[in-house]
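Report on one structure; see the data block that follows.
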Amino acid sequence: MNLSRPRNVIWLILGLALALRLVLFASAAGEPERFSMPDSGGYLLLARQAAAVYASSPEMSPDVSLSMDRPPLYPLFLRLAGMPAEGEVWPMILAQILCSVGTVWLVWALGRQSLGDGPAQWAALLLAADPASAVYANLLLTESMFTTGLALSFWQLSLALQGQSLRNSALGALALSLSTLTRPASLYLPVLLAPLLALGGRPRRFWWQGACLFLAVFTLFASLWIWRNRSICGEAMFTTMEPSNMNYRAIWAVAEQRGISFEAAEAAIEDMGLPRQPGRNIRQSFNNITSKASIQLLLDNPYGFAKSSLRGLGYYFLGPGQTGLAQLTRLEIGGPASLAASAATLAFLFAVYAGAAWGMVVLFRTGQRQSLMLLLAPIAYFTLLSAAPEAYVRFRIPAMPFFCLLAGSGLDASWTAFRRRHPNSRTAELGKPQAMP
């Protein structure tokens with residue numbers, strides 16, 4: 001896809017993205033509770049009580065422990081978005097839809113910068129049509145806002161890699177730190193990105209300056225939240241979810257290794273003298289002893305850990321997202337309409353993954369290895385992070401922009417090859433500038 005006016009094409013794609021998300025919004029608009037998932041209640045509680053929760057101690061507000069699990073930016077976003085209609089969730093959902101559509105534009109901008117017009121248009125079109133991205137833009141969860149910040153960060157990092165300005169490194173770090181303050185999943189992503197900036201930037205004098213500036217800005221903003229948590233509970237931490245998640249993975253590893261249920265494994269671990277799950281007390285939640293014991297359990301049960309991780313990766317790559325779609329549309333899970341939607345989603349995913357695999361080959365063969373590494377870094381990071389026993393479909397959403405960019409490279413190469421082989425075909429004419437009458 002390499003039309004004569006790429007800026008006009010992106011507006012059509014953005015219109016498609018907006019229309020698809022608004023259709024889902026309209027299907028649930030009459031019943032506001034359909035925009036909520038089990039985790040949504042905690043975010044709404046923090047949004048309503050932001051001033052009391054984020055500025056007080058555990059003794060002053062019992063909900064402070066919840067704020068230790070969830071960084072502040074998404075609740076504050078919900079509060080600001082919901083101010084025009086206090087008590088209503090639809091302004092928040094519309095704000096998320098705008099974030100999701102904005103992500104499509106950012107993917108197009110990143111693609112134009114690093115890959116060219118054709119791949120950028122294909123990538124934006126694929127992301128606009130991604131069913132999971134459209135569904136979760138309509139649910140009160142962090143994915144849409146988190147992915148927007150991630151795409152903005154990588155756009156700026158792409159500019160930094162081409163040596164345009166050290167300011168781009170700083171802006172990329174700022175955007176990534178804001179994403180991390182929305183959802184802590186990207187906390188360790190700079191460990192992968194800093195070497196790319198240090199080793200791949202142009203010109204040479206930007207190699208180490210850009211990497212150091214990137215790490216410094218990210219660390220500064222992340223440290224502000226760590227300092228806040230330390231001032232409240234005395235522990236230097238970004239979130240209390242990490243030991244809890246590690247404990248959860250350890251229980252599943254024991255269950256798979258021994259061939260028993262999750263509950264039986266949980267009881268067995270308790271018999272070993274370990275807590276079933278880190279307690280709700282915020283000091284106990286970040287118990288280093290529990291974290292170390294969970295790591296040891298994973299090492300002692302490698303088969304169970306591998307089996308549960310592979311199952312999670314299956315959900316991550318191929319989960320059709322029936323639960324979220326059913327929540328918005330009232331489709332019966334397992335019914336004919338739901339099965340048809342799942343089949344369409346799987347066909348879409350296979351097309352994206354096949355295109356991404358070919359796109360990797362294309363970028364490697366054409367010498368665009370710097371761009372290839374930049375796109376593979378977040379895919380590898382979120383894939384490893386999501387290798388959990390029960391990975392949700394929404395874990396895939398932050399990686400989809402980068403899958404789509406790789407797929408855009410593959411599709412554009414195939415489209416170009418088709419036009420060369422069939423220069424007189426009607427479809428080939430779509431990619432040629434039309435003469436003025």
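The values are calculated or read from the model by the stated rules, or taken from the named source; none is laboratory data. Source: prediction; values computed, not measured. Ideal geometry is used to build each Cβ from the backbone, glycine not excepted, and the neighbour counts take in all protein chains shown.
Scanning the stretch 239-269 for residues that are over 18 Å from LEU299 (Cα atoms) and either modelled with pLDDT under 80 or buried (at least 19 other Cβ atoms within 10 Å of the Cβ) (or both) yields THR239, THR240, MET241. The single condition among (1) modelled with pLDDT under 90; (2) surrounded by fewer than 22 Cβ atoms within 10 Å (Cβ to Cβ) that ALA216 does not satisfy is (1).
Looking across the stretch 270-297 at every residue that is surrounded by fewer than 22 Cβ atoms within 10 Å (Cβ to Cβ), assigned to a helix (DSSP H, G or I) and not polar (S, T, N, Q), the one that is modelled with the lowest pLDDT is identified as ARG283.
For the stretch 105-127, a tally of residues being of a type in the set (Gly, Ala, Ser) and over 20 Å from the mean Cα position of the chain (by Cα) returns 3.
Is one or more of the residues making up the stretch 18-36 over 26 Å from the mean Cα position of the chain (by Cα) and either at pLDDT below 90 or over 30 Å from ARG112 (Cβ atoms) (or both)? Looking for residues that are over 26 Å from the mean Cα position of the chain (by Cα) and either at pLDDT below 90 or over 30 Å from ARG112 (Cβ atoms) (or both), one finds at least one in the stretch 18-36, hence yes. If you go through the stretch 1-17 and keep only what is of a type outside the set (Val, Ile, Thr), at pLDDT 95 or above and crowded, with 17+ Cβ neighbours inside 10 Å, you end up with LEU14, ALA17. For the stretch 342-356, filtered to residues that are surrounded by 13 or more Cβ atoms within 10 Å (Cβ to Cβ) and either in contact with a strand residue (DSSP E or B) (Cβ under 6 Å, 6 or more places away or on another chain) or of a type in the set (A, V, I, L, M, F, W, C) (or both), the residue that is nearest to PRO119 (Cα to Cα) is ALA356. Within this structure, ALA222 passes the test of being under 24 Å from the mean Cα position of the chain (by Cα), within 17 Å of ASP69 (Cβ to Cβ) and part of a helix (DSSP H, G or I).
Residues of the stretch 412-419 include at least one that is part of a helix (DSSP H, G or I) and either closer than 30 Å to ALA306 by Cβ or of a type in the set (Asp, Glu) (or both).
Residues that are under 15 Å from the mean Cα position of the chain (by Cα), closer than 23 Å to LEU372 by Cβ and not hydroxyl-bearing (Ser, Thr, Tyr) within the stretch 156-184 comprise ALA175, LEU176, listed in sequence order. Selection of first residues in the stretch 406-423 that are of a type outside the set (S, T, N, Q) and at pLDDT 90 or above and of second residues that are assigned to a loop (DSSP other than H, G, I, E, B) and surrounded by 24 or more Cβ atoms within 10 Å (Cβ to Cβ), restricted to Cβ pairs under 9 Å at least 6 apart or on distinct chains, gives the following pairs, ordered by first then second residue: GLY408/LEU115; ASP412/LEU115.
Do we find a residue being among the charged types (D, E, K, R) and either modelled with pLDDT of 85 or more or in contact with a Phe, Trp or Tyr (Cβ under 8 Å, 6 or more places away or on another chain) (or both) anywhere in the stretch 424-434? No, there is no match, as no residue in the stretch 424-434 is among the charged types (D, E, K, R) and either modelled with pLDDT of 85 or more or in contact with a Phe, Trp or Tyr (Cβ under 8 Å, 6 or more places away or on another chain) (or both). Annotation note: Cβ proximity below 9 Å between a residue of the stretch 376-391 that is modelled with pLDDT of 90 or more and a residue that is polar (S, T, N, Q) (sequence gap 6+ or interchain) occurs for PRO378/SER186; TYR381/SER186; PHE382/SER186.
For the stretch 317-334, taking the residues that are crowded, with 21+ Cβ neighbours inside 10 Å and in a helix (DSSP H, G or I), the one that is nearest to the chain's Cα centre (by Cα) is identified as GLY324. Look at VAL361 and say whether it is farther than 30 Å from LEU24 by Cα, in a helix (DSSP H, G or I), β-branched (Val, Ile, Thr) and at pLDDT 95 or above. Taking the combined requirement at face value, the residue satisfies it. Here the helices (runs of 4 or more DSSP H) wholly within the stretch 132-200 that include at least 1 residues being surrounded by fewer than 24 Cβ atoms within 10 Å (Cβ to Cβ), touching a helix residue (DSSP H, G or I) at 6+ places or on another chain (Cβ under 6 Å) and modelled with pLDDT of 95 or more are 143-161, 166-180.
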